[in-house]
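This report refers to the structure that appears directly beneath it.
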Amino acid sequence: MAYDKFNVLKSTAVPMPIENVDTDQIIPARFLKATERKGFGDNLFRDWRYNPDNTPKEHFVLNNPIYSGKILVGGKNFGSGSSREHAAWAVYDYGFRCVVSSFFADIFRNNCLNVGVLPVQVSPEYLQQIFSAIEADPNTQLEVNLPEQTITICSTGDQESFAINGYKKENMLNGFDDIDYLLNLKEKIKGFAENTPL
Amino acid sequence: MSKTLFAKVWDSHVVQKIEDGPDVLFIDRHLVHEVTSPVAFLGLKNRNIKVLYPERTFATADHNTPTLNQHLPVEDPLSAKQLQALEDNAQEHNIPYWGLGHEKNGIVHVIGPENGITLPGATIVCGDSHTSTHGAFGAIAFGIGTSEVEMVLSSQCIMQPKPKSMRITINGKLNPAVTPKDVALYIISRLSTSGATGYFVEYAGEVFRNMSMEGRMTVCNLSIEMGARGGMIAPDEKTFEYIKGREFAPKGEAWNETMKYWQTLKTDKGAVFDKEIEFQGEDIEPMITYGTNPGMGVGISNGIPSAKDVEGGVDTFKKSLAYMDFKEGEDMLGKKIDFVFLGSCTNGRIEDFRAFASLVKGHKKAAHVTAWLVPGSHKVEEAIEEEGILDILQEAGFELREPGCSACLAMNDDKIPAGKYAVSTSNRNFEGRQGPGARTLLASPLVAAAAAITGKVTDPRELLQTQTV
Ligand code: SF4
């Protein structure tokens, strides 16, 4: 799935200081039957977000107009549980481009990178600083700089760097998924194929 | 520099090395079936692109097809829909499609070698984990997921980190009634189902040199069950002999050229493997599994081990025995069985039917046993008839079904009922693999034949002896 390029993202953030948010919460199993990658954002955190009668749950952060932005800041061990790629699709489709946490479940992290959501892993202390900053002022901006691999709390200037695999970084910078990367290599592949008999 | 066979084939297919990332590996031949391909084709549609090399892509219907009345429309609507989708996709992208009833139809890993699609030194992938079968020809072959199927359809390449290398050497001679399936089950029982995780295996030594091509396919097929990415065997005269003249294999001048290359496909002296393992052929007995993963196998006369003797999880061991309703320390010999399944890409080729027939000849199927004999392809089916094997089977009270994966994964109607015991020549004895609640004993075609005649787990050597007397 092609997605937007990621370079420097400056945005307010939505705080979700909950640990072990699992993919069943991010997108409940009953929404996996779709055959297209569309509309998953509507069901992001479905059961935390809506009552059974589809009225919004007032106290859930996504329903609180004070908080908005393209960055989701989650508690430790974000994205655990089932390996469903749909969870990452839902996060992206809702409009988030970046998830910050002090620890990500492995498969979720990979799925995010494949669909255009940047997972930024920070230290537990720094995560706490972010939550405090947003609590003090919901309009606090975060700056995520992919080329430099840094994240900054704009109001305080506190900065931390984060790690990312070099290949995945290139992909994110160019808005490529693995298939885009391969399609971009097409000429080289064709040359290779010519020299490789059937 | 000395290189392993695996490294020679891998390195010659790397289109691009990605620093800090996987290798981009060129795929020579891509096999496609109805179950893992529809979403991948949908991906192509969404990108508005075509299959890059349809001539390197081959499609067959096998996973959810019925094994009776294939001339009639498929009854199960979901299966019918998947089959139709594959047919439409194949047509749209100009891919050869060998659907139900086609003379080349059969299980994807049986028809690849049969038609000369599988070649030494090639890279071969398919959305089915037992793609490792094709390694028998000295190919790098492995199973892939649906998103990777989409990658290969669109770019003929796949992104893969290079696995580590392992060599399993078995010298010596095999005992009577010990088949390639027993060799594989023996290795898995010794290594466990994760013993080769992260590795690509090369099988070497006298035992594999002496094995037929079909036997080598059985061994490579089961590589995945010890966790390996795949397994391969260096090609030799037997390999070339097998391939020569098959439809998609090189011909004439091209054949001579390719042969020069193929003859270089062996591990150089002094090449270093990340791990080396050795066994002795004489130590292997006819094998059978008693638990719910392929690593839980024993020599058929040995019986089920005690929990204290198994390595690793005692809980898993106990849970497994509870599912099978077996007890630790019990004999396997003499256990009553209900079903026999001869077939799958592990043991659904002509040699497997020959072996089965050699044992049931002159005997009768046990009355209480239901036997499903499912050839791996139409070509196997034809050979069964031509060689007179069908007559032997029918005389002994068996029927032949039509080709497909059948009870290997029980996606069609061929499901072992809950609680019933099946001696099966397929590759997985997981809980519910052959049907909800089904209990699977993996074994060779000879052990399956012995069980089909006596109705219980039986040492095939007993029957071989009575035959020679
Ligand atoms: S026979 Fe079984 S393992 Fe082989 S291709 Fe079919 S489903 Fe896969």
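The values are calculated or read from the model by the stated rules, or taken from the named source; none is laboratory data. These numbers were taken from a predicted model, which means no experiment stands behind them. Please note: Cβ atoms are built from the backbone with ideal geometry, for glycine as well, and neighbour counts cover all protein chains shown. Only protein heavy atoms, including side chains, enter the accessible area calculation; ligands, DNA and RNA are left aside. Shrake-Rupley method; radii C 1.70, N 1.55, O 1.52, S 1.80 Å.
Given the condition of a type outside the set (D, E, K, R), in contact (Cβ under 8 Å) with a residue 12 or more places away in the chain and within 13 Å of another protein chain (Cβ to nearest Cβ), answer yes or no: does some residue in region B:264-279 qualify? Checked region B:264-279: no residue is of a type outside the set (D, E, K, R), in contact (Cβ under 8 Å) with a residue 12 or more places away in the chain and within 13 Å of another protein chain (Cβ to nearest Cβ). Checked against (1) more than 9 Å from chain B (Cβ to nearest Cβ); (2) crowded, with 17+ Cβ neighbours inside 10 Å; (3) touching a residue at least 24 places away in the same chain (Cβ under 8 Å), A:THR152 passes all but condition (3). Looking only at region B:18-50, residues that are under 23 Å from B:LEU100 (Cα atoms) and more than 11 Å from chain A (Cβ to nearest Cβ) come to 9 in all.
Counting the residues of region B:84-119 that are assigned to a helix (DSSP H, G or I), touching an Asp or Glu at 6+ places or on another chain (Cβ under 8 Å) and away from the ligand (no atom under 15 Å from the Cβ) gives 1. For region B:141-163, the tally of residues that are within 13 Å of chain A (Cβ to nearest Cβ) and at pLDDT 95 or above stands at 6. Out of (1) within 14 Å of another protein chain (Cβ to nearest Cβ); (2) surrounded by fewer than 24 Cβ atoms within 10 Å (Cβ to Cβ); (3) in contact (Cβ under 8 Å) with a residue 24 or more places away in the chain; (4) closer than 16 Å to B:HIS63 by Cβ, the odd one out for B:GLY121 is which? Of (1) within 14 Å of another protein chain (Cβ to nearest Cβ); (2) surrounded by fewer than 24 Cβ atoms within 10 Å (Cβ to Cβ); (3) in contact (Cβ under 8 Å) with a residue 24 or more places away in the chain; (4) closer than 16 Å to B:HIS63 by Cβ, only one is false for B:GLY121: (4). Take the residues in region B:357-410 that are under 21 Å from B:LEU441 (Cβ atoms), within 16 Å of the ligand (Cβ to nearest atom) and out of contact with any strand residue (DSSP E or B) (no Cβ under 9 Å at 6 or more places or on another chain), then tell me which one is modelled with the highest pLDDT. Per the stated criteria, the residue is B:CYS405. Among the residues of region B:245-252, is any away from the ligand (no atom under 16 Å from the Cβ) and either within 30 Å of B:THR370 (Cβ to Cβ) or more than 14 Å from every other protein chain (Cβ to nearest Cβ) (or both)? Checked against the condition, which is being away from the ligand (no atom under 16 Å from the Cβ) and either within 30 Å of B:THR370 (Cβ to Cβ) or more than 14 Å from every other protein chain (Cβ to nearest Cβ) (or both), region B:245-252 yields at least one hit. Determine whether region B:173-180 contains at least one residue that is surrounded by 19 or more Cβ atoms within 10 Å (Cβ to Cβ) and within 16 Å of the ligand (Cβ to nearest atom). Within region B:173-180 (the criterion being surrounded by 19 or more Cβ atoms within 10 Å (Cβ to Cβ) and within 16 Å of the ligand (Cβ to nearest atom)), the answer is yes, since at least one residue qualifies.
Within region B:61-89, residues that are outside the structural domain of B:LEU44 (by TED's automatic domain parsing) reach no partner that is surrounded by fewer than 20 Cβ atoms within 10 Å (Cβ to Cβ) and basic (Lys, Arg) with beta carbons closer than 7 Å at six or more positions or on different chains.
Among the residues of region B:145-167, is any open to solvent by less than 10 Å² (accessible area, probe 1.4 Å) and within 15 Å of the ligand (Cβ to nearest atom)? Looking for residues that are open to solvent by less than 10 Å² (accessible area, probe 1.4 Å) and within 15 Å of the ligand (Cβ to nearest atom), one finds at least one in region B:145-167, hence yes. Filtering region B:62-73 for residues that are within 27 Å of B:SER212 (Cα to Cα), open to solvent by less than 50 Å² (accessible area, probe 1.4 Å) and within 16 Å of the ligand (Cβ to nearest atom) leaves a non-empty set.
B:HIS93 satisfies every condition listed in (1) open to solvent by 20 Å² or more (accessible area, probe 1.4 Å); (2) touching a residue at least 24 places away in the same chain (Cβ under 8 Å); (3) more than 25 Å from the chain's Cα centre (by Cα) except (1).
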